[in-house]
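What follows is a short report on a single structure.
The values are calculated or read from the model by the stated rules, or taken from the named source; none is laboratory data. All values reported here derive from a predicted model rather than from experimental measurement. Note that we place each Cβ from the backbone using ideal geometry, even for glycine, and neighbour counts take in every protein chain shown.
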Amino acid sequence: MNLRNIPFDELYENFLLPEKGTPISPEEAMDLAFRAALQGAGFVRSNPLVGAVLVNKNQRFVAASWHSKFGEAHAEQALLQKLKTKNLEDELHSATLYSTLEPCAHQGKTPSCSHLLAKYPLKKIVYGRCDNTKKVSGNGLKHLELHGIKNELFSSTKNLDLADKLKFLTEHFECYEERRKPFVTIKVASTLNGIYAHSDSKREWITGERSRKYAHFLRLLSDAIVVGARTIIQDNPSLTDRFFQKERIPLRVVLDPTGEALFSRKLSEHFILKEKSKIFWWINLETRNKISSTLMKESETRGICFKVFEGNTKEEKLAHVCQELYTEGQARILLEGGGSLWSSALNSKLCEKLYLFQAPKIFSGDHIMHWTKDAKIQYLNLENSISTLLDKDTLIEGLTDEHHTL
Ligand code: AOF
Ligand code: ZN
């Protein structure tokens, strides 16, 4: 288990660029490119988070930039634009460009980065990860070589943590592009013995404020946030990010086969409907037939888009939802609760990553709910798990393996 000293939300919030002309080592340059890439969180959708840093021929920092929005300039193009605006294009002479991802080769929604870069007398590109999509896959690097620009895959023996950070920037993108599915993450806040709620009480905070702030960062990172009916009934959540980018509302998704969450209170009293932004509300076909035309109309004006489940079991239904979200271009999906949803995700092998916030407490008694309450898997391993201290709580995160048995 590795220990992460600075949580990502702090790196995101306290992002500062060094003064131009500051000496910078290769490790520092790539770490800065990582932090620059994080600034695109919440806006790149199925694209990777990418950061780029220019270091001049005397190993001095010149400028940094990042891919800030899906469909807009890639990190490298944004960097070149910045250099132009600041009249710093001369600094490209014999310079090294650090990019968290290999430069692209294709003209897509934006021009090809390698073609843009090849026009300048750069010495070398150091990249953090390969882009294995067919259209890129080494082609950009070849193009740069043809123009006399060398390339190197970044590796560091001094900063092993950096390799994990670079992987984080592309994990949703690789899953979406290569495996053609959304990158499904589970977020659980529990006691040391895995309890996330009491079945007989209303919402109660288990983890501390610091963890809850981090959970909002996970919402910022996510394209879609999914909850089950009981979470809507018991917690009445808003499912918005209220710390980092308040104006950005992720797609909210409610899984409510029988409509018990929908009918649990007046629409005007559902906090999730306070922000008028699209919500996918999945229900069974029989439930849809029970919704009056007045309620249907009011729901739609409040942003609800009803969807009908396919499949019989919870697992089949969830798999169908994930497939639909994939088709809708939703790459990073956060399952926020509760136990039934998390268990279905584990049972159907849909969960790619787990974020477990553990508070130093134990709950016991007749009404405790364990977060894996309906899971039928025998075991689940987290690869390269990382622990981060968040005041008194510990966040344990890691990619799940696919080798659990039913
Ligand atoms: C880079 N730098 O900053 C990013 C890259 O549709 P487009 O034109 O925006 O292209 C998206 C693809 O470009 C994406 O699938 C991935 O292969 C690459 N992303 N590449 O060199 C960047 N965001
Ligand atoms: Zn590009």
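Structural remarks
- The one condition in (1) under 23 Å from I279 (Cβ atoms); (2) buried (at least 17 other Cβ atoms within 10 Å of the Cβ); (3) not aromatic (F, W, Y) that E352 fails to fulfil: (1)
- Just one of the listed residues (F15, F8, F43, F61) is touching a strand residue (DSSP E or B) at 6+ places or on another chain (Cβ under 7 Å), modelled with pLDDT of 95 or more and surrounded by fewer than 23 Cβ atoms within 10 Å (Cβ to Cβ), namely F61.
- Test: residue in the stretch 96-108 that is among the β-branched types (V, I, T), assigned to a loop (DSSP other than H, G, I, E, B), in the same structural domain as Q59 (by TED's automatic domain parsing) and within 25 Å of the chain's Cα centre (by Cα): yes
- Leading residue by the ranking (nearest to Y98 (Cα to Cα)) among those in the stretch 134-161 that are buried (at least 17 other Cβ atoms within 10 Å of the Cβ) and β-branched (V, I, T): I149
- Checking each residue in the stretch 142-163 for being over 27 Å from the mean Cα position of the chain (by Cα), assigned to a helix (DSSP H, G or I) and of a type in the set (A, V, I, L, M) picks out L144, L146.
- Failed item, numbered, when A41 is tested on (1) under 27 Å from S222 (Cβ atoms); (2) touching a Leu at 6+ places or on another chain (Cβ under 6 Å); (3) part of a helix (DSSP H, G or I): (3)
- Answer residue from the stretch 74-94, given it is assigned to a loop (DSSP other than H, G, I, E, B) and under 17 Å from A29 (Cβ atoms) and is nearest to ligand 1 (Cβ to nearest atom) among those: L88
- Meeting the requirement of 2 or more residues that are farther than 22 Å from I206 by Cβ, the strands (runs of 3 or more DSSP E) wholly within the stretch 307-399 are 332-337, 382-390.
- For the stretch 95-131, residues that are closer than 20 Å to S156 by Cα, surrounded by fewer than 21 Cβ atoms within 10 Å (Cβ to Cβ) and near ligand 1 (Cβ under 7 Å from one of its atoms) total 0.
- The requirement of being more than 14 Å from L141 (Cα to Cα) and in contact with a Leu (Cβ under 9 Å, 6 or more places away or on another chain) is satisfied by S94.
- Here Y196 meets the list (1) under 29 Å from Q323 (Cβ atoms); (2) among the aromatic types (F, W, Y); (3) within 11 Å of ligand 1 (Cβ to nearest atom) almost entirely, failing just condition (3).
- Search result, residues across the stretch 48-64 that are away from ligand 2 (no atom under 12 Å from the Cβ) and assigned to a strand (DSSP E or B): G51, V53, L54, V55, R60, F61, V62, A63, A64
- Tally, over the stretch 73-94, of residues that are surrounded by 15 or more Cβ atoms within 10 Å (Cβ to Cβ), under 11 Å from V62 (Cα atoms) and of a type outside the set (D, E): 5
- For V184, the conditions (1) within 22 Å of the chain's Cα centre (by Cα); (2) under 26 Å from L3 (Cα atoms); (3) at pLDDT below 95 all hold with the exception of (3).
- Some residue of the stretch 28-47 being among the charged types (D, E, K, R), within 22 Å of the chain's Cα centre (by Cα), within 17 Å of L97 (Cβ to Cβ) and within 16 Å of ligand 2 (Cβ to nearest atom): no
- Those residues of the stretch 115-167 which are within 15 Å of ligand 2 (Cβ to nearest atom) and among the small types (G, A, S), in sequence order: A118, G128, S137, G138, G140
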